[in-house]
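First comes the structure, then the notes that go with it.
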Amino acid sequence: MMHIDPQLHRVLDGELPSDDLTPLQREQSAALQRAARLLAEAPVGSVAARVMAEVRRPPLRLGQRVAQWLTERHAVTIAVRPIWSLALAAALAAIAVIPSRGPGPVLGEQEGIAQFVGRFPDARSVEVVGSFTDWRPGAVVLRDDDHDGIWRASVVLPVGEHEYMFVVDGERWVADPLAGRYVDDGFGRQNALLFVRPLAR
């Protein structure tokens, strides 16, 4: 609230003549009188008139309403029921666990995919060695992701025959009992034989 000098207040109330004011007080008095005249001349607007003007305004078209809604602020409240929270968490967990499958490897005309599967329930590690790895371990490692004792691997190999064996726990060399075809390894044992065919196009 504005503080008015008491002497200036008395002049405005008509209790003192304006000649008793200092030049600065006279300027302040003139400014206050001008403001009072402006307020007195301003039309008094009624609330009812403003409400009726708003009611009479034509409704906004759909595009205008959408634009108005997009530019206004909105409070968003999300209430999630416990059962839906559990369902959402389960769905997100399933998405995270499911491996993403891309388009797969690009194979040449003389390449195919070899599937290696071996059942070794007590094994800690299983890998495949063969003519395609120069019989060196560590190149093709099988996995048992669901811990059911079935170890698997898929490898792109050249088309043709390949000899191979499983190496269990880094020590035990085992010919694949499901191979169906075997060949003598020259040391009194047999290697499993695999024939890779080109991928059908």
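Laboratory data are not the source of any read-out in this text; all were calculated from the coordinates shown. Remember, it's a predicted structure, so these values are computed and weren't measured experimentally.
With the Kirkwood sum run over all distinct C-alpha pairs, the range 111-196 has a hydrodynamic radius of 13.0 Å. Each Cα pair under 8 Å and six or more residues apart adds its separation to the average, and for the range 122-199 the resulting relative contact order is 28 percent.
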